[in-house]
């Protein structure tokens, strides 16, 4: 707890624009070194000093002490449409931060180790689209994703990146996000989106987690791909799109379907083949365009209005369970062992006691409390 307070005290000071010497004076310390020792973890902040710090820095107690919140931590990049305002993103980011922090804090309580070492792709803004596609293909092979990568991608992200994948009920206009957080990178997916978009977002955000240091994404990026124009941001998103398409639609597998097309109508073929890869028909169209396989005649015949959002009927799709199994199991353990109260758990997840019960039943787990 003291480590948490020390770190957040420094964050609050910096947010307030105060130097160590200025805050030390306001807190009644004799010199700056006292505050420096507190921020570095060499000295504890007393209860009286904590109260003064809250007043001076104009923050609440939870800001400095609540391990179930992300405070000054976590960098988010959202996939959202033009109607998703910054206020909407900020409000939902606050909720998402609680879920991520809850998973992290419960892991700490349960002694689950994490690593700050993260794999990276050797790509940068000067990399070609062909290089991004090649890395997508290579990663799919290295992770053993098989002929339909979308089916195995979520588990591969959890296993190989140590990242958390959360399926959430996001406000309209928000498709997904990546969150860079030391020891717990996270991908958020709006579970109510069509399956093809969910899978594409998952692959797209994987790119950002693997290249964040050399190519930090914008806080908000458009949902629709096929970014046009110039500029750093569009270049990064184009690289991400090429990577995601190649990861989800390996050339060696796609070629088999392409060669078997014969005289089949291109729109029908795109919809049917997209269903095989669990992607949208439009994503498949642009993958073929990037590979240079579509002829001028094909482009003329393609009618975007006939391309499905997912490549198969919505009635054949299922909405993912909310959150994910690792998240729910960690929460279940915490409640069963008394590491977290039922009331606090319901508050953190923005649900009711009945909602918690339904959550555990959805994952085949016994309800760890009596209503």
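The values are calculated or read from the model by the stated rules, or taken from the named source; none is laboratory data. Owing to the predicted nature of the structure, the values given are computational and were not obtained by experimental measurement. Every residue, glycine among them, receives a Cβ derived from its backbone with ideal geometry; neighbour counts consider all protein chains shown.
Annotation: residue 299 fulfils all but one of (1) surrounded by 12 or more Cβ atoms within 10 Å (Cβ to Cβ); (2) more than 28 Å from the chain's Cα centre (by Cα); (3) not assigned by TED's automatic domain parsing to the domain that holds residue 188; the unmet one is (3).
Return yes or no: is residue 305 in contact with a helix residue (DSSP H, G or I) (Cβ under 6 Å, 6 or more places away or on another chain) and either part of a helix (DSSP H, G or I) or free of Cβ contacts under 8 Å to residues at least 12 places away in the same chain (or both)? Can you show your working first?
Values: in contact with a helix residue (DSSP H, G or I) (Cβ under 6 Å, 6 or more places away or on another chain): no; either part of a helix (DSSP H, G or I) or free of Cβ contacts under 8 Å to residues at least 12 places away in the same chain (or both): yes.
So residue 305 does not fit the description; no.
Count of the stretch 345-362 residues, restricted to those that are in contact (Cβ under 8 Å) with a residue 24 or more places away in the chain and either surrounded by fewer than 14 Cβ atoms within 10 Å (Cβ to Cβ) or in contact with a strand residue (DSSP E or B) (Cβ under 9 Å, 6 or more places away or on another chain) (or both), is 4. Taking first residues from the stretch 331-342 that are outside the structural domain of residue 102 (by TED's automatic domain parsing) and in contact (Cβ under 8 Å) with a residue 24 or more places away in the chain and partners that are surrounded by 19 or more Cβ atoms within 10 Å (Cβ to Cβ) and not in a helix (DSSP H, G or I), the Cβ contacts under 9 Å between residues at least 6 apart in sequence or on separate chains come to 331/323; 331/340; 331/349; 334/340; 340/68.
Do the conditions hold for residue 272, that is, is it more than 30 Å from residue 120 (Cβ to Cβ) and part of a helix (DSSP H, G or I)?
yes
Tell me whether the stretch 88-105 contains one or more residues that are part of a loop (DSSP other than H, G, I, E, B), surrounded by 12 or more Cβ atoms within 10 Å (Cβ to Cβ), in the same structural domain as residue 180 (by TED's automatic domain parsing) and at negative phi. No, because not a single residue in the stretch 88-105 is part of a loop (DSSP other than H, G, I, E, B), surrounded by 12 or more Cβ atoms within 10 Å (Cβ to Cβ), in the same structural domain as residue 180 (by TED's automatic domain parsing) and at negative phi. Checking each residue in the stretch 127-175 for being outside any helix (DSSP H, G or I), without any contact (Cβ under 8 Å) to a residue 24 or more places away in the chain and either under 30 Å from residue 113 (Cα atoms) or under 12 Å from the mean Cα position of the chain (by Cα) (or both) picks out 143, 144, 146.
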